[in-house]
Amino acid sequence: MDRFLIRGGRPLYGDIVIGGAKNAALPIMACALLTPEPLSLRNVPSIVDIRTMCALLQQHGLTITYNDKDPHHITFQGDIANTEAPYNIVSKMRASILVLGPILARCGKAKVSLPGGCAIGTRPVNLHLDALKALGAEIEINQGYVIATAPKGLRGGRFVFPFVSVGATENTIMAACLAKGRTELLNAAREPEICDLIDCLIAMGAKIEGKGTSHLIIDGVDHLHGAEHSILFDRIECGTYACAAGITGGELRLIGADIHAMGSVIHALEEAGVEVFPEKNAILVRRTGDLRGIDIMTEPYPGFPTDMQAQFMALLSISEGASMITETIFENRFMHVPELNRMGARINVHGSSAIIRGVHSLSGAPVMATDLRASFSLILAGLAAAGETSLNRIYHLDRGYEAVDQKLSACGAQIERIKTK
């Protein structure tokens, strides 16, 4: 397994291009299952999760074509030849469950393995299944597979999500686009990535009202057609590199980012002492003074995103005073705390909250990544730490971040990927 070797203590200065959002690209790629016509996507990030989704779509019968001049431009086309999503692919990535709704809507049946992914919580798929049942699906779970049927096709229905779920909202939206009649979804997730999904579906001929709200109305159509769409920038990657500027006391221009989509992350950065300035097609982030301790609670959008919790914990570990982070989305998302403490951080976990008492400096140490976002929190700590940090199990990181070592090195970081057999 590869590892990163980081020599810290150097402020970062320069430009970093923010890529397309993983959390937008994955459901939008699944939209290709809703039409036999070509779906051409630009700004697709080159990461492991995208390759996993490509492999899944290919085994369903789709042809995937990469643009010779732009590796981030991919076209998907084909009829569904296989309605089963097998364990050997689905177990690698939780977002694989997003093929369930489209395949069921197109073919009237689907068999999808229960998913895998980062071990940050139980994240049950029951909301996906309950919402599809509201559209007339018959569902059973047998030998680790979700087996869904709709012999007469899906029909419009009304479903109230008991709590906000991004994935369940996405799956239901896609399925409802080809259902007969009107579907009404209440307490739906409102993330920018869901708005991007809706934009793509509308370009394909879907009829959807309420984008950006928790109340969606979808009028089913007989068929969808092909389209071209550019994936939204990755607000989590943007926030992560903003934390890199903050924790190292440097200045980074994050190109391709839009400050308006960052919402609560920008507020938290500024409250912690990191300056943020909007520019044309970019965000400038810098820190010249001390970091300040703040309190954060993760919440569904527009609240503070759970995917930024670990990165802010690293940032706040060297702040003045105490901070508290409360995690309300996933119950098992503090696994990076012992690793940060190995580097000299003072963090105590009490139930769903972590108390961070800021220290003057961190020290390099051998540490281990436990999940995708925790991986980058340890990189951030390593960039600020005195001495050398060896970060193992970076395959987690490769699932969601593109060319990390190249982007950071270009801004003055001393980070090296060590290849191992």
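No lab work stands behind these numbers, since they all come straight from the coordinates. Because the structure is predicted, anything quoted here is derived from the model rather than measured. As a convention, Cβ positions derive from the backbone with ideal geometry for all residues, glycine included, and neighbour counts pool all protein chains shown.
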Residues whose placed amide H lies under 5 Å from that of residue 156, excluding near-sequence neighbours = 180, 181, 182
Residue 44 neighbourhood, Cβ < 13 Å, K/R = +1, D/E = -1, net charge -3
For residue 368, distant residues with modelled amide H under 5 Å away | 392
Quick one: angle between helix 192-203 and the longest Cα principal axis of the chain, in degrees between 0 and 90, rounded to 10, please.
-> 30
By the Cα gyration tensor axes a ≥ b ≥ c (a/c under 1.5 gives rounded; else a/b larger than b/c gives prolate, otherwise oblate), the shape of the stretch 22-230 is rounded
Ranking of 360, 72, 60, 336 by count of other Cβ atoms within 10 Å, fewest first | 360, 72, 60, 336
Around residue 301: net Lys/Arg minus Asp/Glu count, Cβ-Cβ under 10 Å | -1
Considering amide H positions built from the backbone, and no H for Pro or chain starts, which residues 5 or more places from residue 228, or on another chain, come under 5 Å of its amide H?
-> 40
Along the stretch 66-76, what does the Karplus equation 6.51 cos²θ - 1.76 cosθ + 1.60 (θ = phi - 60°) give for ³J(HN,Hα), rounded to whole Hz, x for Gly and Pro?
-> 9, 5, 4, 9, 9, x, 9, 10, 10, 10, 10
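Taking every DSSP beta bridge that has both residues in the chain, what percent is antiparallel when rounded to the nearest 5? Intermediate results must be reported in sequence, preceding the final value.
Values: 55 of 79 bridges.
So the antiparallel bridges amount to about 70 percent of the total.
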At 222 nm, what helix-only mean residue ellipticity would the chain give, in deg cm²/dmol to the nearest 500, using -39500 (n - 2.57) for each DSSP H run of four or more?
-> -8500 deg cm²/dmol
Under the Karplus curve 6.51 cos²θ - 1.76 cosθ + 1.60, θ = phi - 60°, whole-Hz ³J(HN,Hα) for the stretch 87-104, x wherever Gly or Pro sits | 4, 5, 9, 4, 5, 7, 7, 5, 5, 4, 4, 6, 7, 4, x, x, 5, 4
Too-long pairs where the Cα-Cα distance tops 23 Å, listed order kept, from 22/211; 111/152; 111/207; 207/280; 22/109; 133/180 = 111/207; 207/280; 22/109
Along the dipole axis of the chain (charges at Cβ: +1 for Lys and Arg, -1 for Asp and Glu; origin at the Cα centre), the most positive-end residue among 223, 108, 168 is 108
Only Lys, Arg (+1) and Asp, Glu (-1) charged, at Cβ; the chain dipole about Cα centre in debye | 720
Taking K and R as +1 and D and E as -1, what net charge do the other residues with C-beta under 15 Å from the C-beta of residue 89 add up to?
-> +3
Return one quarter of the surface area of the convex hull spanned by the alpha-carbon atoms of the chain, equal to its mean projected area, in nm².
-> 18.9
Positive end of the charge dipole of the chain (Lys, Arg +1 and Asp, Glu -1 on Cβ, about the Cα centre): tell me which of 147, 127, 261 has its Cα farthest that way.
-> 147
Please report how far the C-alpha centroid of the stretch 1-68 lies from that of the stretch 249-265, rounded to the nearest whole angstrom.
-> 20
So for 204, 29, fewest C-beta neighbours within 10 Å to most, what's the order?
-> 204, 29
Using θ = phi - 60° and the Karplus form 6.51 cos²θ - 1.76 cosθ + 1.60, what ³J(HN,Hα) does each residue of the stretch 172-178 get, whole Hz, x for Gly and Pro?
-> 6, 4, 4, 5, 5, 4, 10
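How big is the charge dipole of the stretch 22-230 about its Cα centre, in debye rounded to the nearest 20, if each Lys and Arg gets +1 on its Cβ and each Asp and Glu gets -1 on its Cβ?
The calculated dipole for the stretch 22-230 is roughly 380 debye.
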